[in-house]
């Protein structure tokens, strides 16, 4: 009809994405999962400013206060360390922690006497030693009180601080593992599914070989090959998780390569690489996101298991699995929270990613 404006509908991709986001926001499980993940990301970014122990790796050892219960209070005398000149910038302290210029000496009583500080140093429960320090050796505020909100490990390190800093390891291993697994899995799965024939047979033979090897055994082999370390563990876990992605992508590409939009792209003379990247992969992004969320959770659990077995993140780098290993003997003694706290943290973060993955599946209407 003349004089009537023609309404242009929004692109289908945008409307589908908006509808999926709307369904995701209405899902309580998705909101809970995203809230936990967002909170964990903020904790990981600002771990050192939030930690009671802001030293590098939250590794301030005071063996006299080891194995304390949650909520334990202790007075400390701050004595200047010899030869320590902290020169970190604010950015370095934010991401790597700072050099501790003070030695923390646990005391039970203290008093000033002229230019000296007389203290009763804590040796063990009920055992003290009288000591004297010059005020010039001490901090401007020589005595401070510290609270171990979640207790202290056997080395006297603050559990809460190491738990906060350890969030970086869990999120980091999940992120690197997902990037590595998606990169390899999407590449091999798309090639196998699109070209089929002998190419598909070769790729699937390789996938089945890797699939038959137990995950932990494969991680052990890759870890021993790359060596123990922070990034080596991340890459090793990622190299074991691509098989699930490849099998899923292959199936999705097999189903999509016979659809009309792919046939139209071939008729227009587009190259195979462009058809895969520009047309097929964007249309299977939903299932890929669901698998990525699941792999993120699996990577956190695998890293915790490796660290517990001693082949993951190495001390003094804090890791939730390593914290469980160091304190699991306290579970059957007087202070189980030392091992239960990192266990609860692992459970909560893995639950958040699994809930988000399930919510994504429902929002994107992805078939299991």
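Data for the structure
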read-out: Calculated FRET efficiency for the pair residue 21/residue 143, C-beta based, R₀ 41 Å, to 0.05; value: 0.15
read-out: Order of 42, 322, 171 under a 10 Å beta carbon neighbour criterion, fewest first; value: 42, 171, 322
read-out: With eigenvalues of the C-alpha gyration tensor scaled by 5 and rooted, region 159-364, Å; value: 39, 18, 12
read-out: Rounded Å value of the spacing that divides the Cα centres of region 316-368 and region 40-98; value: 23
read-out: q = 0.13, 0.17, 0.18 Å⁻¹, region 44-192: log10 I(q)/I(0) [Debye, one scatterer per Cα]; value: -0.68, -1.01, -1.09
read-out: Relative contact order of the chain, pairs being alpha-carbon contacts under 8 Å that are 6 or more residues apart, as %; value: 20
read-out: Per-residue Cβ neighbour rank within 10 angstrom, fewest leading, 31, 37; value: 31, 37
read-out: Overall Cα dimensions of region 245-368, principal axis frame, Å, largest first; value: 72, 29, 17
read-out: Förster radius 56 Å - calculated FRET efficiency between residue 91 and residue 208, Cβ distance, rounded to 0.05; value: 0.75
read-out: Inter-site label distance for residue 32 and residue 225 at 7 Å from Cα along Cβ, in nm; value: 4.0
read-out: Residue among 99, 89, 199 with the largest mean-square fluctuation in a Gaussian network model of the chain, springs linking Cα atoms under 10 Å; value: 89
read-out: Average projection area in nm² (convex hull over Cα atoms of region 101-168, one quarter of hull surface); value: 5.8
read-out: Average Cα contact separation per residue, region 170-300, under 8 Å, 6 or more apart, as relative contact order %; value: 42
read-out: Efficiency of FRET between residue 277 and residue 195 - r from beta-carbon atoms, R0 22 angstrom, step 0.05; value: 0.95
read-out: Fewest-first ranking of 29, 307, 134, using other Cβ atoms within 10 Å as the exposure measure; value: 134, 29, 307
read-out: Label of the coordinate-derived value, Kirkwood radius over Cα pairs in Å, listed as (1) 21.3; (2) 24.2; (3) 25.1; value: (2)
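Every number in this text was worked out from the coordinates using simple rules, so none of it is lab data. Nothing here was measured: the structure is a model prediction, and the numbers come from that model. No Cβ is skipped: glycine too gets one built from the backbone with ideal geometry, and neighbour counts run over all protein chains shown.
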